[in-house]
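Structure first, commentary second.
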Amino acid sequence: MTNVSLPDSEKIRAFVRERYGAIAEQSGGAGCGCAAAGDSPVAPGAGCCSDENRAATVAETNCCASTCCDGGGKSYGEKLGYSADELAAAPAGADLGLGCGNPLAIASIQPGETVLDLGSGAGFDCFLAARQLAGTGRVIGVDMTAAMITKARGNAAKGGYANVEFRLGEIEALPVADATVDLIMSNCVINLSPEKARVMREAFRALKPGGRLAIADVVATKPLPAELRKKLGAIGACVGGATLVDELRAMLAEAGFVRIAITPKESSREYIGHWTDDPTTGEFVVSALITASKLGTA
């Protein structure tokens, strides 16, 4: 995936910040993945499985009908691997439906740990992590979008999460001290960064010796077409910036990580294929669960 003229880094950041800021200000409920960041007529504040949006066609919404709801009415969150109990546990409005997996399923959170969420959005995964910590440790969410930070802090106050805080910042320059974090998680965010290798180095810096990553993200299983990689809309929809699996593994290794595992979820092609207006998207990208560790004594 070389020799393609991409938008410059600051243009990508500005586009992503504006797009997800608008989602934070307008959305009151779960969506259906990064398609919710597009220009589809999904009713704001209503999940794709709501009566209002279920009737819409896939072509009109990029995410509704059979793409988001199966015959039994399974929610998008349940398709990603969250239990109904988890989906009901977070404050209303915390789940904006922008993920592509469940990083908590591979996190193995232990009492007293410090957890850092890269691109924390409205705080959904942070609140589920705090639930697993059961009043111990702390959770820090970092997001570059001021509207998301405001929304997340409001959700934390609403839910009484005393051990959860949200910091405005970029994941390429984390507002976190060296070697202070036990676990770094992220859900469908790193693909949005125009400097992914820098993100990995920052994650390594912030982790304590023995710390670990638990990430759900979109990866490329074969090179993306140049036109898809150049489109800001496709990048903002978590597709155009996807990294090839082998390139992602190399980035993690170069940052210093060991025990790297990248597990693609082939079934995700069904819904990711509707995140852009290109019907071939699902042929190139898939969601994956990613784990890695920093050597040392835990």
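For the subset of region 110-135 comprising residues that are over 18 Å from the mean Cα position of the chain (by Cα) and of a type in the set (A, V, I, L, M, F, W, C), which member is nearest to Ala292 (Cα to Cα)? Among those that are over 18 Å from the mean Cα position of the chain (by Cα) and of a type in the set (A, V, I, L, M, F, W, C), it is Leu133.
One residue stands out among those in region 245-259 that are of a type in the set (A, V, I, L, M) and crowded, with 17+ Cβ neighbours inside 10 Å: the one that is farthest from Ala226 (Cα to Cα), which is Ala255.
Residues checked against (1) in contact with a helix residue (DSSP H, G or I) (Cβ under 8 Å, 6 or more places away or on another chain); (2) of a type outside the set (A, V, I, L, M); (3) closer than 24 Å to Pro91 by Cβ:
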| position | (1), (2), (3) |
| --- | --- |
| Gly160 | no, yes, yes |
| Ile184 | yes, no, yes |
| Arg198 | no, yes, no |
| Glu202 | no, yes, no |
| Pro209 | no, yes, no |
| Asp217 | yes, yes, no |
| Ala226 | no, no, no |
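Within region 165-211, being under 17 Å from the mean Cα position of the chain (by Cα), without any contact (Cβ under 8 Å) to a residue 60 or more places away in the chain, surrounded by fewer than 20 Cβ atoms within 10 Å (Cβ to Cβ) and assigned to a strand (DSSP E or B) holds for Arg167, Leu168. Taken together, the residues in region 274-298 that are closer than 15 Å to Gly233 by Cα and either at pLDDT 95 or above or surrounded by 22 or more Cβ atoms within 10 Å (Cβ to Cβ) (or both) amount to 4. Taken together, Ala197, Ala179 contain a single residue that is under 22 Å from Ser108 (Cα atoms) and small (Gly, Ala, Ser), which is Ala179. Where helices (runs of 4 or more DSSP H) fall wholly inside region 48-162, the ranges with 2 or more residues that are at pLDDT 95 or above and in contact with a strand residue (DSSP E or B) (Cβ under 8 Å, 6 or more places away or on another chain) are 124-133, 146-159. Please specify each residue of region 252-275 satisfying the condition of being β-branched (Val, Ile, Thr) and over 17 Å from the mean Cα position of the chain (by Cα). Residues satisfying the conditions are Val258, Ile260.
The values are calculated or read from the model by the stated rules, or taken from the named source; none is laboratory data. Remember, it's a predicted structure, so these values are computed and weren't measured experimentally. With ideal geometry, Cβ positions are generated from the backbone for all residues, glycine too; neighbour counts draw on all protein chains shown.
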